1. What does the highest-first list of 92-99, 50-57, 18-25 look like by mean Cβ count within 10 Å?
2. Give, in nm to one decimal, the length gained when the segment between residue 29 and residue 102 is fully stretched (0.36 nm per residue of separation minus the Cα-Cα distance).
3. Amide H neighbours of residue 131 under 5 Å, counting only residues 5+ apart in sequence or on other chains, H built in-plane at 1.01 Å?
4. With each label point set 7 Å from Cα along the Cα-Cβ vector, what nm distance links residue 161 and residue 132?
5. Note down the magnitude of the dipole of the range 44-108 about its Cα centre, charges +1 on Lys and Arg C-beta and -1 on Asp and Glu C-beta and zero elsewhere, to the nearest 20 debye.
6. Starting from 0.36 nm per residue, how many nanometres of slack lie between residue 50 and residue 114 once their C-alpha separation is accounted for?
Amino acid sequence: LGSRLNTPYNAINKISEDGFFKLISIQLKGVYSNNLAEIEKPHKICVLVEILEDIDQMLYHTNLFVKDGSNNILFVIQSSPEKTLKGIYEIIYEIPANIMNDITYTFDIMLIKNQSQIIIDEKDVFSLEAIETIHRKGRWLGKFPGIIRPYFFKTQTTLVNPNNESETAI
């Protein structure tokens with residue numbers, strides 16, 4: 001993994017066997033130092049793909065696999081299928097804020113033709129370490145358990161008995 005402008009960047013430059021597609025690079029967008037990503041912020045991952053020739057009646061898309069340190073796939077982000085016109089395309093994936101946990105993540109990238117044929121499959125193209133930047137007050141375990149920690153569930157606490165009276169029937 002190289003770095004360019006303090007941004008995790010990986011030049012792949014892999015051409016598909018049929019010679020029509022080239023996976024150029026994958027890059028974490030934004031300003032990062034030492035591949036550290038703050039959990040509380042969204043992160044954009046940019047993939048550059050080159051279509052080397054115009055191809056009628058063909059679509060392509062990419063899949064970005066997000067994995068934990070044990071190589072388990074946590075989730076996949078898929079781009080929408082696009083027509084294959086000659087040129088360089090930038091595909092931007094966004095990982096929302098507050099979904100990662102305080103661990104290291106690795107990424108695989110796959111380029112797919114006509115929604116079913118894998119034409120490029122690159123493993124471990126880059127990694128990043130998600131870090132917690134908010135310092136918690138009070139009792140704190142130091143780390144949330146789990147591989148991801150999305151804020152999918154909203155909790156609400158309501159005072160239902162302000163006088164501390166016991167109720168016999170609810």
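1. My ranking of the peptides, most packed first, is 18-25, 92-99, 50-57.
2. Values: separation 73, 0.36 × 73 = 26.28 nm, distance 1.94 nm.
Using 0.36 nm per residue and subtracting the Cα-Cα distance, I get 24.3 nm.
3. 37, 38, 39
4. 3.3 nm
5. Values: 4 positive and 10 negative charges, 28 e Å.
With only Lys, Arg, Asp and Glu charged at Cβ, the dipole is about 140 debye.
6. On the way: separation 64, 0.36 × 64 = 23.04 nm, distance 1.60 nm.
Using 0.36 nm per residue and subtracting the Cα-Cα distance, I get 21.4 nm.
FYI, it's all coordinate maths here, none of it is from the lab. Remember, it's a predicted structure, so these values are computed and weren't measured experimentally. For neighbour counting, all protein chains shown are included, and Cβ atoms are generated from backbone atoms with ideal geometry for every residue, glycine included.
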